[in-house]
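K.L.:
Quick one: the structure is below, and I'll ask about it shortly.
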């Protein structure tokens, strides 16, 4: 780049212009905005998931760590972004991008996001947010009603109360889960007599006062990794996220949970939270929430539901019953940037008891004073953008019926795709969809027959080879860039809980169709055909003693 020809004179006048509104619709910046919008529209409508470009090659465009001395024109930077960032980004809105919990966004999110960015409100305090503060409280109330369905007078009383909170907005499910467990820990080890509480005296003093040798959180073995982060941040130790065995449908086993609780009692470790999952990340399954609520109540521990993915299922009249018991949770996490279809990143945690967040409140005389309606007093994050505006807009523009249609469509599509895989000779459905996530893998009919007749060791050998082939298929399909499925590892009952690698498909994008999914399967077949002679394919022949693969 010739810096002399592209540099902009650095002056206060020019710097101030960066912060002003463009002069008129026909101005240079206005035309630039139109060009960018047109380029983005083309990008978003392209059905290719990603161009086949090696990441190492892309990294070369971002190697220079020197901050430029001279400024460049906005148009030049915009062109750089279009050429090097937009063109080399992942098309998460593509109908064939079915591997992660990211979907196409409603068209109205882009112009509404401009309002949010232009206003640049900071939700830590009313002095920097004004109308955004009651708006955020309203959204929390709307979603609180979705989960807990309290009567009107409850919301009339608590919605804008300066001393209580129905929940908290945050950057995503991780911080939402941390917030829920933070409040649970502080309430379980709160002030008692001469003891000032864990918030002031710390973890060791709390254990000493309450006569225990540790603190624990219980969750199924399908629990999200954010819970380990929470344990780390809260000082209880990652090993104190006590995982409980799941059944053949990836749901926590209540009998195993009771056994773990008894074991913790014998070890003098005090559990302060039980986490139920409404939509596991890997398989989309739902724990028996009603039963977990009974157990939590019986043991006097906080019951948190991680509904980051599956929480919006409550919009569906047809499928909301699958979350029965969520209304009994002390707290619930929902990720709005997942199935509420708003941009990254916004999550929230809701509390049944409006006083629960008082246990984590922080105040400062210069910004979040006691008795104020400042939202920053009860959030882990301080400065936060007004993402609630986008959730508010989505809830109003899409509405309950719209969300019900989206949820129903995803679950129905997953069911049809699962049935199709079940009917194929060369693929195996590994986990049945309870919501809109399923797992499967390529396994030819002859290999399926061999696995049924194999002993444990033979089964392990065959699965080891299949695991390598599955990884190769997934990686190759990703590199081709036409479609994307993710992969994970599961321990299904049918193989004696042996660890197997599987394809994982997430079907929340309303643009994804049965035909798109057929193409995904067909491309995977073609990848296998191209692997003829591959050492793993040859090894699979040998292990299954067949030449018909």
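Bear in mind that the values in this text are calculations on the coordinates, not laboratory data. Since this is a predicted model, take the numbers as computed values, not measurements. Backbone-built Cβ (ideal geometry, glycine too); neighbour counts: all protein chains shown.
K.L.:
Taking the stretch 122-386 as the region of interest, what is the percent of Cα-Cα pairs per 10 angstrom bin, listed from the shortest bin to the one with the maximum distance?
P.N.:
Whole-percent P(r) values from 0 Å outward: 7, 31, 36, 21, 5, 0.
K.L.:
Between the stretch 227-270 and the stretch 482-549, what's the alpha-carbon centroid distance in Å?
P.N.:
So the two Cα centres are separated by 33 Å.
K.L.:
Shifting gears a bit: For the stretch 76-198, what is the convex hull volume of its Cα atoms per residue in Å³? Mind showing how you got there, number by number?
P.N.:
Details: hull volume 27.1 nm³, N = 123.
Value for the stretch 76-198: 220 Å³ per residue.
K.L.:
Taking only DSSP H segments of four or more residues, each worth -39500 (n - 2.57), what value at 222 nm results for the chain once the sum is divided by all its residues, to the nearest 500 deg cm²/dmol?
P.N.:
Details: 20 runs with 237 residues, N = 549.
Counting only the DSSP helices, I get -13500 deg cm²/dmol.
K.L.:
Taking Cα centroids, how far is the stretch 393-417 from the stretch 316-342 in Å?
P.N.:
If you average the Cα positions of each part, the centres end up 13 Å apart.
K.L.:
What whole number of Å gives the distance from the Cα centroid of the stretch 440-473 to the Cα centroid of the stretch 163-224?
P.N.:
If we compute the Cα centre of each part, the gap is 44 Å.
K.L.:
Each label point is 7 Å from the Cα along the Cα-to-Cβ direction; what then is the distance between the points at residue 373 and residue 539, in nm?
P.N.:
6.5
K.L.:
Please compute the length gained on full extension between residue 77 and residue 239, using 0.36 nm multiplied by the number of residues separating them and subtracting their Cα-Cα distance.
P.N.:
Values: separation 162, 0.36 × 162 = 58.32 nm, distance 4.69 nm.
Once the chain is fully extended between residue 77 and residue 239, it gains 53.6 nm.
K.L.:
Answer with a single label: of [x] 190; [y] 171; [z] 159, which was calculated as volume of the Cα convex hull per residue in Å³ from the structure in view?
P.N.:
For volume of the Cα convex hull per residue in Å³, the calculated option is [x].
K.L.:
Where the convex hull is taken over the Cα atoms of the stretch 411-544, what is its projected area averaged over directions, in nm²? Show your work: numbers first, answer last.
P.N.:
Working: hull surface 30.6 nm².
So the Cα hull casts an average projection of 7.7 nm².
K.L.:
Note down the nm distance, to one decimal, between modelled labels 7 Å out along Cα→Cβ at residue 203 and at residue 256.
P.N.:
It is 2.5 nm.
K.L.:
In vacuum, with every alpha carbon of the stretch 133-226 counted as one equal point scatterer, what does the Debye formula give for log10 I(q)/I(0) at q = 0.23 Å⁻¹? Two decimals, please.
P.N.:
Values, matching the q order: -1.11.
K.L.:
Next question, about the same structure. Counting only DSSP beta bridges with both residues in the chain, tell me the antiparallel percent, nearest 5.
P.N.:
Values: 28 of 46 bridges.
Looking only at bridges with both residues in the chain, the antiparallel portion is about 60 percent.
K.L.:
Also: Computed from the mean reciprocal separation of all distinct C-alpha pairs, what Kirkwood hydrodynamic radius does the stretch 411-465 have, in Å?
P.N.:
12.1
K.L.:
Something else about it: Efficiency by 1/(1 + (r/R0)^6): what FRET value for residue 519 and residue 268, r their Cβ-Cβ distance, R0 = 60 Å, to the nearest 0.05? Kindly include the intermediate steps, with their values, before the conclusion.
P.N.:
Values: r = 57 Å, r/R0 = 0.95.
Taking R0 as 60 Å, the efficiency between residue 519 and residue 268 is 0.60.
K.L.:
By the gyration tensor of its Cα atoms, with a ≥ b ≥ c the square roots of the eigenvalues, what is the shape of the stretch 205-282: rounded for a/c under 1.5, prolate for a/b over b/c, or oblate? Working shown, then result.
P.N.:
Values: a/c = 3.10, a/b = 1.49, b/c = 2.08.
Verdict is oblate for the stretch 205-282.
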